[in-house]
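The structure appears right after this line, and notes come after that.
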Amino acid sequence: MRFAFTDEQLAFRDAVHDLLEKECPPDRVREAWTNSDGRSGAWDALSEMGVTGLSHPDVAGNLGVDEIAVTLILEETGRFALPEPIVEHTAVALPAVAQHVPDAVTESSLFVAGGPLVPYATSATALLLERDKHLYLVDPAAATLTPRASVDRSRRLSSVQWDPSRATKVGDVRDAALAFDRGALGVAAQLIGLAQHMLDTTVDYAKERHQFGVPIGSFQAVKHHLANVALALEFARPLIYRAAHSLARRDSQRSVHVSTAKARASEAALLAARVALQVHGAIGYTTEYDLHLWMKRAWALAASWGDAAWHRERVGRAILDGETAAEEQ
Amino acid sequence: MRFAFTDEQLAFRDAVHDLLEKECPPDRVREAWTNSDGRSGAWDALSEMGVTGLSHPDVAGNLGVDEIAVTLILEETGRFALPEPIVEHTAVALPAVAQHVPDAVTESSLFVAGGPLVPYATSATALLLERDKHLYLVDPAAATLTPRASVDRSRRLSSVQWDPSRATKVGDVRDAALAFDRGALGVAAQLIGLAQHMLDTTVDYAKERHQFGVPIGSFQAVKHHLANVALALEFARPLIYRAAHSLARRDSQRSVHVSTAKARASEAALLAARVALQVHGAIGYTTEYDLHLWMKRAWALAASWGDAAWHRERVGRAILDGETAAEEQ
Amino acid sequence: MDLTFTEEEQAFRAEARAWLEANVPRPALPSGDTREGFALHKEWERALFDARWAVVSWPREYGGREASLMEWLIFEEEYYRAGGPQRVTQNGIFLLAPTLFELGTKEQQDRNLPKMASAEETWCQGWSEPNAGSDLAGIKSRAVRDEANGGWRLSGQKTWTTRGAFCDRMFGVFRTDPEAERHHGLTYFLVDLHADGVTVRPVERLDGDEGFAEVFLEDVFVPDRDVLGGVHEGWRVAMATTGSERGLTLRSPGRFMATAARLIELYRAHAGDADPTVRDAVIRAWIDADAYRWQTFWTVTRLMEGGRTGPEASLVKIFWSELDVRLHATALDLLGADAELVDGDDAAWMKGWQFALSGPIYAGTNEIQRNVVAERVLGLPRR
Amino acid sequence: MDLTFTEEEQAFRAEARAWLEANVPRPALPSGDTREGFALHKEWERALFDARWAVVSWPREYGGREASLMEWLIFEEEYYRAGGPQRVTQNGIFLLAPTLFELGTKEQQDRNLPKMASAEETWCQGWSEPNAGSDLAGIKSRAVRDEANGGWRLSGQKTWTTRGAFCDRMFGVFRTDPEAERHHGLTYFLVDLHADGVTVRPVERLDGDEGFAEVFLEDVFVPDRDVLGGVHEGWRVAMATTGSERGLTLRSPGRFMATAARLIELYRAHAGDADPTVRDAVIRAWIDADAYRWQTFWTVTRLMEGGRTGPEASLVKIFWSELDVRLHATALDLLGADAELVDGDDAAWMKGWQFALSGPIYAGTNEIQRNVVAERVLGLPRR
């Protein structure tokens, strides 16, 4: 039992951090709200660094990269509120497509996934979609994309209408389940990053902002609000990493582990957003201040790929109703 | 619309308060834990004052007393943690028995009600019991009473085994429903009184107890704990009184109103107990201190006559599933 | 105790219901916190005023019906039940007017109240400043005596001024005694936002509406007749208004009852796939709205019999603001992955959620309110 | 990252499981917080010691197995899984022993540790005083130098001393410098409770057990060899122990995993009439116990690779204590009207609930712990 990342994994995470600090500062996130595709412009740099293709079986095989390393990177993209389909492409679609239709992967491939609302579908070269628990790889031109507006305006959503066909089918029940778990864990990791950023910036604000002649962070009520966020994160983060390990090892309990992770990550991020806004007060309530960019992303991701209640109930079916075997100790 | 008690109702409540202050101080509650019948000895004084028989239709008719006045009195008995079957006798059984079998009521009658656990059954002259939504008045000698131990040792519980018969049947479906609602509202009123007492004594303690050179009540965390209890009470108490009015007027929505009252009263009392203990710290954790007498009564009553979740679900069946008509505005 | 409405009250309710059903705009107006929406809302307010529904509790001479508090509550229930538009006049009607009635001169009342009621003049609130939020006594904007012109010259900055970009006038406190500190030496002014020296910068709120404004004042002349209450007595005057803001007048139960009713509709539409815990949350929210209603009737009975509201108003502010958050959070849970959408049929919930989040912050944060409850209702020691 | 257990760890687990299954007393012992129960628990502790399971992480010379932290966690999981009795030796083993290992002399270790491990001498904690609870630095009990006899004379009162009425020895801090204030001038003593001048009064706890005691000391002689750490350095010495108390050692995940497993059994027995919200609460509690387990593995990996625990221990204390309250509250909800019973099959839940309620109070209230998190983990300013 060794529950920690390797030095290589941490070093790569730090390198991604440095890249995002440069390529995805808050202004870029803000620009993505109003630009044409809702994206940061950091995708190419990430690709060049090997981040977006990290989950390709060839790369993964060579470098020994697995869901554990990807999860750590996705947490970092959450911290920067990176507006890109990196969960959809890198965590979900690329490994599935590369495994089942390797020829469909080119240098310029951009896959998205999800449903019924698919983010960034209009930017994508292909859509990985599920129907009746099977996976299909669909040409955007063969589907009807109807744009929908998210509270997070960088998330360019489409509702997708399409017809499944034998020719576009690329995965079975097991593949579809794996794709879903990868998506749920991917956004769980991003939620942890988003929450950590909101906690950090709110702590900073509470140290600086004075009322009644003292920093507001010296009030016990503010302290306890922020301590509760730290608590939620402390006991969510290990569940994310454990689920990543279970996915990487194809543990038979992986879906339960992903669900505990997504449930607690969603709760932690929603709490972090709530506390961040309350501690900031009116300044946090304006779109001129950056907080709302993180907060709205957290709201959107907490409800996507199954919200906390849905995932808890999935855990319940396993542990209470015995729908899958109970975990071995 | 006038949502307030009459001066007469308040004056009677105050008189009961004065009586209980004399006849049921905390030491009497404590003695009831170890004496033979679990009772305070205040029953006779309450009877003499007309409190225990207040709900007899003859009295009620003469004095214009109804569930509203009774509820206010029961709240007061909760404040003093009166260990007596006053809900069972006065709120539930007496009005039902006096209406259906008036001859069964004598000066020495002591009725109890409930089920499957019945408090003070061993002290009672008759038991009002429900089976298949009908009411029966059962001689204790004709039933098998098995004593059970409550965490509140003044509550002498019995599980009762008995056989219904045509001869002992005293009420139909409607009577049984009314009896249940009266019981639920009665303990709801007591829970409010219990909670108010726990709040008051904890506020007093927080003013007196010093740590770090200041009263602990000056810490914002303690303030907010206690403010939350005040909040719960402020928004539970009117629901109790509204439900009493609905019972008195046989409002068609009375069961929904009783359930909102019992749900919020149970929650408020459990919160009050939790906060009272936390603010008191270790001193509240000993049986030498009085708090535990109130706290354990609150735990017991919060779960009796339907707990908060049960009553919320009864409300839900009415407002969500339309099992009864929605409230008229 | 008699919880039935009197015949008069029932007649009043019927009249209000009939008028509102016939007149509430369909489809709903755009947000009143945008420039276009604000203009449409002023028209609506004018229609309300013409039918004497704008300020039902006011004296007849100012456009009211001299309705009782209970009737006012009934009107509010009907207003929200009918889906009536937000009240863009509310800061004037509910925050300034009570102060004008209590402390204004007859001349000030006559000059301001009718135009306020008819929305001919719209009012915003100038309380907060960049360094005076929860700590209102930290106000730095100042007023200097202009004896020659019989008035004052105001300078400084106000912020988080709701609908400040669209309103005509602003009420707020300014420091008139530069030597005094904290809550001393402040004066309550009624300021014309069209006067020379006023610059208003709209600020976008969480939901994207420009519902906030920053108001910059540079040597703005305000005549003596627009001083409300005594010079240097602004704190006392202002507290009268924040009492109203926190208390009964701004958040009548009708609003939350209407939201709870919409939530139940949403639940029924999603009952098939709703999680059981969400069902319980819907029930809780409905019970809470009901509790709020009956706590209000309880309080109003006391007030109608001569009682006063005091610091218990803080309990009310905590309760409604957190109830509003729960109502909307539950709706978003019901919507699941669709909750993030701000187009389509259910988008009002996400907008309402963002609005609800302001409740625990404005008019005194709920942290401050809990302090008030602890110290002034329960009597716990200040630090 | 490798979340499988090594072969050694698996072998260790198997050995522990086999021994515990064969030896854990059936039926369960009566509460160790009563005089009769305490005697039976001492016999159990002796059996544990004889099989080298009493102090698995200690050196062999003191009765341990030099187990790694991970093995210790495994042992704890197996201990609770098997329904092993509460550890009446825990205050000595988990609170005093780490301090003795870190700051005690070899002589002190040799003299105290083996008897502690075998329960020949049982230890209680003498921290709190009537006016020093959360504010531990408010200690007033004092020790006066007795040069002639080479030791100190202790006087004062300690309170809330768990199992104080049954234990042989007490560790605690006393004021040795009467001039010094707060956390200065304190010294850490090991006190013989059978010595002259000691009076112990049992105090009944919430659940009816006499699990607390008041300890009155009147001119009690303690020799120099029973001073732990330096004279006047008691605060620093004591903080080492409260660090352990808050942190890893006292509340291993095994306990909460076992409770969660029992809760699931209870749910299954009541699933027919269980409210849907209670189902969700059961799931939440199980997830939380799981989260606690994995946060512990995360921390233990860090410690085994040379890391240290710091103020994050406060997060752990908050989490386990509130988790324990939730686990038991959920069980009582499942039991409904039967929850109040303290006889019958399910009575352990009401007893466990009362015990759980002490968690957020002792070893530093959770209010204090949240301050520690805010100030020392997050870096927010002290007042």
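Nothing in this text is a laboratory measurement; each read-out follows from the coordinates by a stated rule. Here the structure is a predicted model, which is why all the values come from computation and not from measurement. Glycine also receives a Cβ, built like all others from the backbone with ideal geometry; neighbour counts cover every protein chain displayed.
Restricting the stretch B:178-267 to chymotrypsin sites (Phe, Trp or Tyr not before Pro) that sit in a DSSP loop and have at most 14 other Cβ atoms within 10 Å of their own Cβ leaves B:PHE212.
Shielding of peptide A:209-216 by partners, expressed as the average count of other chain Cβ atoms within 10 Å per residue Cβ, is 5. Among the GluC sites (Glu not before Pro) in the stretch D:139-235, those located in a DSSP loop and surrounded by at most 13 other Cβ atoms within 10 Å of their own Cβ are D:GLU147, D:GLU179, D:GLU181.
Looking at the protein assembly as shown alone, DSSP beta bridges between its own residues are antiparallel in about 85 percent of cases. The sum of -39500 (n - 2.57) across all DSSP H runs of n ≥ 4, divided by the residue count of chain A, sets its helix-only mean residue ellipticity at 222 nm to -17000 deg cm²/dmol.
For C:TYR267, C:TYR80, C:TYR188, the sequence from fewest to most other C-beta atoms within 10 Å is C:TYR80, C:TYR267, C:TYR188.
Computed from Cα positions, the angle between helix C:234-246 and the longest principal axis of chain C comes to roughly 10 degrees. As a proxy for reagent exposure, B:MET1, C:MET350, A:MET198, D:MET239 were ordered by neighbouring Cβ count within 10 angstrom, fewest first; the result is D:MET239, B:MET1, C:MET350, A:MET198. The residues neighbouring D:ASP324, those whose beta-carbon lies less than 12 Å from its own, together hold a net charge of +2 under the Lys/Arg +1, Asp/Glu -1 convention. Legend: ranking of residues C:TRP160, A:TRP33 from fewest to most surrounding C-beta atoms inside 10 Å; resulting order A:TRP33, C:TRP160. Over the stretch B:1-156, Cα pairs under 8 Å with separation of 6+ residues give a relative contact order of 21 percent.
Using equal-weight Cα scatterers in the Debye expression, the normalised intensity of chain A in log10 at q = 0.08, 0.09, 0.10, 0.11 Å⁻¹ is -0.36, -0.46, -0.57, -0.69.
Centroid-to-centroid, using Cα positions, the stretch B:110-131 and the stretch D:271-323 are 44 Å apart. Here is how the number arises for chain D: DSSP H runs of 4 or more residues each give -39500 (n - 2.57), the sum is divided by the residue count, and the result at 222 nm is -14000 deg cm²/dmol. Relative contact order, percent, of chain B when contacts are C-alpha pairs under 8 Å separated by at least 6 residues? For chain B, the relative contact order is 16 percent. Which of rounded, prolate or oblate describes the stretch B:1-103 when judged by the alpha-carbon gyration tensor and an a/c cut-off of 1.5? Since a/c reaches 1.5 but b/c is at least a/b, the shape of the stretch B:1-103 is classed as oblate. Here the stretch A:264-292 is scanned for amide nitrogen atoms under 18 Å from the site 7 Å beyond the Cα of A:GLU208 along Cα-to-Cβ, giving A:276-292. Largest mean-square fluctuation among B:SER266, B:SER150, B:SER40, in a Gaussian network model of chain B whose springs join Cα atoms under 10 Å apart, belongs to B:SER150. Left without a cysteine partner by the 4.7 Å Cβ rule in the protein assembly as shown: A:CYS24, B:CYS24. Chain B's nearest residue to the axis relating it to A, judged by Cβ and reported with the distance in whole Å, is B:GLN220, 2. Take each residue in D:346-354, count the other chain C-beta atoms within 10 Å of its C-beta, and the mean is 2. 3J(HN,Hα) along the stretch B:300-310, derived from phi through the Karplus expression 6.51 cos²θ - 1.76 cosθ + 1.60 where θ = phi - 60°, amounts to 5, 6, 4, 9, 8, 6, x, 7, 4, 5, 4 Hz, with x in place of Gly and Pro. Peptide B:142-150 is shielded by partner chain Cβ atoms: per residue, an average of 2 of them sit within 10 Å of its Cβ. Short-range pairs are left out: with C-alpha atoms under 8 Å and at least six residues apart, the relative contact order of the stretch B:182-329 is 32 percent. Please tell me which of these pairs span more than 19 angstrom C-alpha to C-alpha: A:LYS22/A:LYS296; A:LYS133/A:LYS296; C:LYS115/C:LYS317; A:LYS223/D:LYS317; A:LYS296/C:LYS317; C:LYS42/C:LYS115? Result: A:LYS22/A:LYS296; A:LYS133/A:LYS296; C:LYS115/C:LYS317; A:LYS296/C:LYS317 exceed 19 Å. I'd like the orientation of helix D:35-50 relative to chain D: the angle between its Cα long axis and the longest Cα principal axis, in ° from 0 to 90, rounded to 10. The two axes meet at around 90 degrees.
Given +1 at the Cβ of Lys and Arg, -1 at the Cβ of Asp and Glu and no other charges, the dipole of chain B around its Cα centre is 940 debye to the nearest 20. For D:SER128, nonlocal amide neighbours, meaning residues 5 or more places apart or on other chains whose placed amide H falls under 5 Å from its own, are D:THR159. Distance between the 7 Å Cα→Cβ label points at B:ASP14 and D:ALA22: 7.6 nm. Placing +1 on the Cβ of every Lys and Arg and -1 on the Cβ of every Asp and Glu, with nothing else charged, gives the stretch B:187-274 a dipole about its Cα centre of roughly 320 debye. Bridging of D:LYS158 to lysines at a Cα separation below 19 Å is possible for D:LYS140, once same-chain residues fewer than 8 apart are set aside.
Enter the angle in degrees (range 0 to 90, nearest 10) between the Cα long axis of helix C:106-117 and the first principal axis of the Cα atoms of chain C, meaning the one along which they spread out most. The two axes meet at around 40 degrees. Comparing D:THR259, D:ALA28, D:VAL316 along the charge dipole axis of chain D, the residue lying farthest to the positive side is D:VAL316, per the Cβ-charge model. Basic side chains Lys and Arg get +1 at the Cβ, acidic Asp and Glu get -1 at the Cβ, and with that the dipole of the protein assembly as shown about its Cα centre reaches some 480 debye.
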